[in-house]
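Asker: Please see the structure below; I have some questions.
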């Protein structure tokens, strides 16, 4: 089970709930498809850029694995968790694109869930590996945005 307990699985679960909301309570809003598409694109781009930065630094982007480098530049200068932020943007974008504004209420729940399930453990692991460097980074860069 641990092998499939990854953030994309939980994004898919929350997206499925959002899609179900759209099936029972679709509420089109002005420009929701355009805004939703833009958020989805931004989220996917943010995830790709962050993953590429981590690969270039020869460190893992797989949760619960020990990092080999602390990435603090590029998109990581704006968010300590740009991949998770990208997930949240995709979820919000899907809610708008599918005409499910009630699904937007799931975005902060998703963020709280991801924080508890992954981020807190990752932060402890990173702090243990990088000590003062991580403490300084944490002091100047927010967890989400």
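Asker: Residues that are closer than 30 Å to residue 28 by Cβ and touching a helix residue (DSSP H, G or I) at 6+ places or on another chain (Cβ under 6 Å): list the helices (runs of 4 or more DSSP H) wholly contained in the range 82-145 that include at least 2 such residues.
Answerer: Hits in the range 82-145: 82-97, 106-114.
Asker: I've got another one for you. Among the residues in the range 86-93, are any surrounded by 18 or more Cβ atoms within 10 Å (Cβ to Cβ) and over 12 Å from the mean Cα position of the chain (by Cα)?
Answerer: yes
Asker: If residue 64 satisfies all but one of (1) at pLDDT 95 or above; (2) under 16 Å from the mean Cα position of the chain (by Cα), what's the number of the condition it fails?
Answerer: (1)
Asker: What is the residue count in the range 1-37 for residues that are in contact (Cβ under 8 Å) with a residue 24 or more places away in the chain, over 13 Å from residue 88 (Cα atoms) and either touching a strand residue (DSSP E or B) at 6+ places or on another chain (Cβ under 9 Å) or in a helix (DSSP H, G or I) (or both)?
Answerer: Qualifying residue count, the range 1-37: 9.
Asker: Can you say whether residue 69 is outside any loop (DSSP other than H, G, I, E, B), closer than 29 Å to residue 128 by Cα and out of contact with any strand residue (DSSP E or B) (no Cβ under 7 Å at 6 or more places or on another chain), as far as the supplied structure shows?
Answerer: Taking the combined requirement at face value, the residue does not satisfy it.
Asker: Just need a number here: residues in the range 40-66 that are part of a loop (DSSP other than H, G, I, E, B), in contact (Cβ under 8 Å) with a residue 12 or more places away in the chain, out of contact with any helix residue (DSSP H, G or I) (no Cβ under 6 Å at 6 or more places or on another chain) and surrounded by 13 or more Cβ atoms within 10 Å (Cβ to Cβ).
Answerer: Residues in the range 40-66 being part of a loop (DSSP other than H, G, I, E, B), in contact (Cβ under 8 Å) with a residue 12 or more places away in the chain, out of contact with any helix residue (DSSP H, G or I) (no Cβ under 6 Å at 6 or more places or on another chain) and surrounded by 13 or more Cβ atoms within 10 Å (Cβ to Cβ): 2 in total.
The values are calculated or read from the model by the stated rules, or taken from the named source; none is laboratory data. Since the model is a prediction, treat every value here as computed from it, not as a measurement. For neighbour counting, all protein chains shown are included, and Cβ atoms are generated from backbone atoms with ideal geometry for every residue, glycine included.
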